[in-house]
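Reading through the structure tokens given below for one structure.
The values are calculated or read from the model by the stated rules, or taken from the named source; none is laboratory data. Just so it is clear, the structure is predicted and the values come from calculations on it, not from any experiment. Here Cβ is always computed from backbone atoms with ideal geometry, including for glycine, and neighbour counts include all displayed protein chains. Only protein heavy atoms, including side chains, enter the accessible area calculation; ligands, DNA and RNA are left aside. Shrake-Rupley method; radii C 1.70, N 1.55, O 1.52, S 1.80 Å.
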Amino acid sequence: MKKLLGATSGLATCALFLATGAEAGTGPLEGAYAGMDIGYGQTLYQGSNRGTTASETYTQDFGSYNEPRPGGFAGYGKAFGNWFVAPEFKIQTDNDATLEVHPSVSNTFSLRQEFTYGGGLRLGYLARRDTLVYVRGDYLRSRFKLKFTGDGTNDTRTLDGWDAGIGTELAVGSGFSVRGEYLWSQFETFTRPTNSYEPSIGMARLGVAYHFGIDDTTVQNEKPVDFGGFYVGLQSGYGDASAKELMSDQRQNDTFYYSRPAHGFTGGLYAGYGWMPGRVYIGGEAEANLDGYEMKEDVADGTRNRWGMNYTYGASLRGGYRITNTALLYGRVGAVRSGVEYKSNRGRHSEEELWGLRMGVGMEIAMTDKVMVRGEYTHTAYEKMTYLDANGQPDELAPRENLFRVGIAYKF
């Protein structure tokens, strides 16, 4: 598998350098390009520990702190009719996104992701001359560093991985384009004698690119779309909610924090109303969703602990700007209520509705005068929930959610 991934990356990189020597493309997204992008979120870890007793042997979901992940990319795009192919190389800093267990009186454990690079292909369809919808896959290399003060461990490794995802790119004139994409990345396991950690990341990324040698006359000339009015829609997505939990260990007279993320799919309805004075958009929107987020902790002594989010409802204000005749770039801010639940097969169960502040950015594209499709990223900060864990010890969590969704709406 490593050889296959390596060969794929090598072919993509060779194709990139060969292609950049060719003439500029004829469409606004064709030819050589380079750009910068950014994402925000956490690295998830499927962890396992092999202890000397059943209570110390377990598998559990862990997570790093949420961090911005800036990066850069370069590639070459070519259209074949409405079909589009683009080999691409990319690199990003992971800003030392750190999984950390930081006890107050004993030892500190940390596992951080430092940077990632790789290459692959984007394959897509030009819905319009200036509007690309695509899927992508890449071979990746990423550096991780593990430290444990208890035995002086300082272990740095570069792990192989891959990503796959979906995105859209829109030419906005003067050779520039904007893009938004969601990628799921998976890396090989960081294995140690008594424990192991398998990293993965689900992250939305926003970027700007410059396409060399593009003539502005190649950009679309469709009539401007009015995004205002009343609309209803369906949406679905995937997200993760980190919880920096306070844990207590009376055996060592210690308390400490670490992140235990719940993640999964979500889906629901939204409805709203917007008004467009010129190219500016102002509106309000309500939403209701069913959430399937879950964190798992399975201990060899039979203990099964879970926390998750079951549903969300709320409302937001949206403000945006029509960047082309058929595309709206927008931001949102609002309040939501989510059902959060902790349960253990040891007889402990807590459930609360928590308030959250939701903020995000998105892009909406008019497929017709009445049908709108969108992709958006939101981050939600929730209030604190206090409960007793499986051992009857006090615990608390305050979820921080990263969510990517796609939606389709009908405007009346």
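Okay, here's what the table says:
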| read-out | value |
| --- | --- |
| Residue 69 vs. criteria more than 16 Å from the chain's Cα centre (by Cα) and assigned to a strand (DSSP E or B) | no |
| Restricting region 297-330 to residues that are polar (S, T, N, Q) and more than 30 Å from residue 276 (Cβ to Cβ), the residue that is nearest to the chain's Cα centre (by Cα) | 310 |
| Lone qualifier among 65, 45 - being over 18 Å from residue 296 (Cα atoms) and touching a residue at least 12 places away in the same chain (Cβ under 8 Å) | 65 |
| Residue in region 141-153 that is in a strand (DSSP E or B), of a type outside the set (Lys, Arg), farther than 30 Å from residue 301 by Cα and touching a Phe, Trp or Tyr at 6+ places or on another chain (Cβ under 8 Å) present | yes |
| Selection within region 299-310 - open to solvent by 50 Å² or more (accessible area, probe 1.4 Å) and either assigned to a strand (DSSP E or B) or among the charged types (D, E, K, R) (or both) | 301, 304, 310 |
| Residue satisfying condition, being surrounded by 14 or more Cβ atoms within 10 Å (Cβ to Cβ), at pLDDT below 95 and under 30 Å from residue 222 (Cα atoms), within set 390, 366, 398 | 366 |
| Check on residue 286, more than 25 Å from residue 170 (Cβ to Cβ), in contact with a strand residue (DSSP E or B) (Cβ under 6 Å, 6 or more places away or on another chain) and small (Gly, Ala, Ser) | yes |
| Any strands (runs of 3 or more DSSP E) falling wholly within region 311-412 and containing at least 1 residues that are in contact (Cβ under 8 Å) with a residue 60 or more places away in the chain and in contact with a Gly (Cβ under 9 Å, 6 or more places away or on another chain) | 327-344, 349-366, 371-382, 399-411 |
| Search result, residues across region 276-298 that are within 30 Å of residue 50 (Cβ to Cβ) and open to solvent by less than 20 Å² (accessible area, probe 1.4 Å) | 293, 295 |
| Residues located in region 84-99, provided they are open to solvent by 50 Å² or more (accessible area, probe 1.4 Å) and at pLDDT below 95 | 93, 95, 96 |
| Residue, nearest to residue 364 (Cα to Cα), within region 153-168, restricted to residues that are open to solvent by 40 Å² or more (accessible area, probe 1.4 Å) and within 19 Å of the chain's Cα centre (by Cα) | 166 |
| Matching entry among 322, 348, 337, 358 (being charged (D, E, K, R) and open to solvent by less than 10 Å² (accessible area, probe 1.4 Å)) | 358 |
| Those residues of region 156-210 which are of a type in the set (D, E, K, R) and not in a strand (DSSP E or B), in sequence order | 188, 192 |
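Matching residues to (1) in contact with a Ser or Thr (Cβ under 9 Å, 6 or more places away or on another chain); (2) at pLDDT 90 or above:
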site: 227; (1), (2): no, yes
site: 232; (1), (2): no, yes
site: 238; (1), (2): yes, yes
site: 243; (1), (2): yes, no
site: 246; (1), (2): yes, no
site: 256; (1), (2): yes, no
site: 259; (1), (2): yes, no
site: 262; (1), (2): yes, no
